[in-house]
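Chemist: My questions all concern the structure below.
The values are calculated or read from the model by the stated rules, or taken from the named source; none is laboratory data. Note that the structure is a prediction, hence the values are computed from the model and not measured. Positions of Cβ are backbone-derived with ideal geometry, glycine not excepted, and every protein chain shown enters the neighbour counts.
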Amino acid sequence: MLIYKVFQESEWADLVQNGETEGAPVDLADGYIHFSTAEQLRETVAKHFAGSPTLVLVTIDADTLGEALKWEVSRGGKEFPHLYRKLKRSDAVAHALLPMGENGHVFPDDIP
């Protein structure tokens, strides 16, 4: 199963440069790295990143994260994936820009 992490461009650049990250400020505050499923992604971006300039959408194969990935109830009573370890650059199977369009961020075609 694929899951997604949204980064500001500077956060993605830091991950690429350092090879790993403990996440964004919200991740550090909560003690885990927040992810979304494809079905949760648009709502996540609208709620937490509305108006942000270009974002980077990182795709992760959840099955490769092992026991450090926990599915926990969060927004709206839905289970969200949370990673309880650093995210490594090598965990990413793909990444894409989420630029701002006229009606918000523009998502890749494979995101529902």
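Chemist: Specify the residue that is nearest to Glu22 (Cα to Cα); the eligible residues are those in segment 74-100 that are out of contact with any Phe, Trp or Tyr (no Cβ under 8 Å at 6 or more places or on another chain) and among the charged types (D, E, K, R).
Modeler: Start the filter on segment 74-100 by keeping residues that are out of contact with any Phe, Trp or Tyr (no Cβ under 8 Å at 6 or more places or on another chain), which leaves 75-78, 85-94, 96-97, 99-100.
Then drop every residue that is not among the charged types (D, E, K, R), which leaves 75, 78, 85-86, 88-89, 91.
Details: Arg75: 22, Lys78: 24, Arg85: 7, Lys86: 5, Lys88: 9, Arg89: 11, Asp91: 13 Å.
Ranking the qualifying residues of segment 74-100, first place goes to Lys86.
Chemist: Would you pick out the residues in segment 32-68 that are more than 18 Å from Gly101 (Cβ to Cβ), in contact (Cβ under 8 Å) with a residue 60 or more places away in the chain and within 15 Å of the chain's Cα centre (by Cα)?
Modeler: Answer for segment 32-68, where residues must be more than 18 Å from Gly101 (Cβ to Cβ), in contact (Cβ under 8 Å) with a residue 60 or more places away in the chain and within 15 Å of the chain's Cα centre (by Cα): Ala38, Glu39, Asp61, Ala62.
Chemist: Please specify each residue of segment 15-65 satisfying the condition of being crowded, with 20+ Cβ neighbours inside 10 Å, under 12 Å from Leu87 (Cα atoms) and of a type in the set (Val, Ile, Thr).
Modeler: Thr21, Ile33, Val58, Ile60
Chemist: Separate question: Does Val26 satisfy the condition of being modelled with pLDDT under 95, among the hydrophobic types (A, V, I, L, M, F, W, C) and either under 23 Å from Pro112 (Cα atoms) or out of contact with any Pro (no Cβ under 8 Å at 6 or more places or on another chain) (or both)? Lay out the reasoning, then the answer.
Modeler: Working: modelled with pLDDT under 95: yes; among the hydrophobic types (A, V, I, L, M, F, W, C): yes; either under 23 Å from Pro112 (Cα atoms) or out of contact with any Pro (no Cβ under 8 Å at 6 or more places or on another chain) (or both): yes.
Spelling it out, Val26 is indeed modelled with pLDDT under 95, among the hydrophobic types (A, V, I, L, M, F, W, C) and either under 23 Å from Pro112 (Cα atoms) or out of contact with any Pro (no Cβ under 8 Å at 6 or more places or on another chain) (or both).
Chemist: Any chance segment 9-29 includes a residue that's β-branched (Val, Ile, Thr) and within 12 Å of His105 (Cβ to Cβ)?
Modeler: To start, the set of residues in segment 9-29 that are β-branched (Val, Ile, Thr) comprises 16, 21, 26.
After this cut, where a residue has to be within 12 Å of His105 (Cβ to Cβ) as well, the list is none.
Scanning segment 9-29, I find no residue that is β-branched (Val, Ile, Thr) and within 12 Å of His105 (Cβ to Cβ), so the answer is no.
Chemist: Take residues that are among the hydroxyl-bearing types (Ser, Thr, Tyr) and on the phi < 0 side of the Ramachandran plot and tell me which of the strands (runs of 3 or more DSSP E) falling wholly in segment 1-111 contain 1 or more. Outline the logic, then answer.
Modeler: Details: elements: 2-8, 55-61, 69-73, 79-83, 92-98.
In segment 1-111, the matching strands (runs of 3 or more DSSP E) lie at 2-8, 55-61.
Chemist: If you don't mind, there's one more thing I want to ask. Look at Glu9 and say whether it is surrounded by fewer than 17 Cβ atoms within 10 Å (Cβ to Cβ) and either in contact with a helix residue (DSSP H, G or I) (Cβ under 7 Å, 6 or more places away or on another chain) or over 17 Å from His95 (Cα atoms) (or both). It would help to see each step written out before you state the result.
Modeler: Numbers: surrounded by fewer than 17 Cβ atoms within 10 Å (Cβ to Cβ): yes; either in contact with a helix residue (DSSP H, G or I) (Cβ under 7 Å, 6 or more places away or on another chain) or over 17 Å from His95 (Cα atoms) (or both): no.
Taking the combined requirement at face value, the residue does not satisfy it.
Chemist: Which residues, taken from segment 38-64, are touching an Asp or Glu at 6+ places or on another chain (Cβ under 7 Å) and farther than 17 Å from Pro108 by Cβ?
Modeler: Thr64 - this is the single residue of segment 38-64 that is touching an Asp or Glu at 6+ places or on another chain (Cβ under 7 Å) and farther than 17 Å from Pro108 by Cβ.
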